[in-house]
Amino acid sequence: DFTACVSMDNTENPKDIKTFAGALKYSIETLLSAYPHLKIFVCSQTYRFRMDADGVYTTDSDIRANEKGFKLPDYVQKTKEVAKDYHLPFINNYNIGMSKFTRSVYFSPTDGTHPIQAGCDLIASNIAKELF
């Protein structure tokens, strides 16, 4: 939703499924209505970065805003707020040590969005720590 520049929310219609928050609320309500026994937890987005055509770091999700003016941490915050509204656990996978300084440990040199095994292990460890 960040990359697609989906609007964060609609103050006139908080359940507008064309917005990030509205779609998240719809998903949670649909799952809980159909399966009230489910234990749901909500995970945040993870850090990402961009490179130029030569593979040189240019910007990252801490500083780059999308066309709507939002940075990825804004979506992380909104995710946390929605989880709180539904009394669901929120697991922050954004602030777990991935950054422009550690990106070579967690990402391949050519993909700043999808972590390599070390990044996946870090995320999995964070989720497990929060769940158990």
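The values are calculated or read from the model by the stated rules, or taken from the named source; none is laboratory data. Source: prediction; values computed, not measured. FYI the Cβ positions are ideal-geometry reconstructions off the backbone, even for glycines, and counts take in every protein chain you see. Surface accessibility is based on the protein's heavy atoms, side chains included, excluding ligands, DNA and RNA. Shrake-Rupley method; radii C 1.70, N 1.55, O 1.52, S 1.80 Å.
Being closer than 23 Å to ALA4 by Cα, open to solvent by 40 Å² or more (accessible area, probe 1.4 Å), touching a strand residue (DSSP E or B) at 6+ places or on another chain (Cβ under 9 Å) and assigned to a helix (DSSP H, G or I): is that true of LYS84 here?
It is false that LYS84 is closer than 23 Å to ALA4 by Cα, open to solvent by 40 Å² or more (accessible area, probe 1.4 Å), touching a strand residue (DSSP E or B) at 6+ places or on another chain (Cβ under 9 Å) and assigned to a helix (DSSP H, G or I).
I'd like the residue in region 47-65 that is part of a loop (DSSP other than H, G, I, E, B) and under 14 Å from the mean Cα position of the chain (by Cα) and, out of all such residues, is surrounded by the fewest Cβ atoms within 10 Å (Cβ to Cβ).
ASP62
Is it true that SER44 is at pLDDT 95 or above, open to solvent by 40 Å² or more (accessible area, probe 1.4 Å) and among the small types (Gly, Ala, Ser)?
No, not satisfied.
Quick test for you: out of GLY119, GLY69, pick the one residue that is under 16 Å from the mean Cα position of the chain (by Cα), among the small types (Gly, Ala, Ser) and either more than 15 Å from THR3 (Cα to Cα) or surrounded by fewer than 14 Cβ atoms within 10 Å (Cβ to Cβ) (or both).
Going through GLY119, GLY69 in turn, the sole match is GLY119.
Which of the residues spanning region 89-110 are in a loop (DSSP other than H, G, I, E, B) and more than 12 Å from the chain's Cα centre (by Cα)?
Selection gives PRO89, ILE96, GLY97, MET98, SER99, LYS100, PHE101, THR102, PRO109, THR110.
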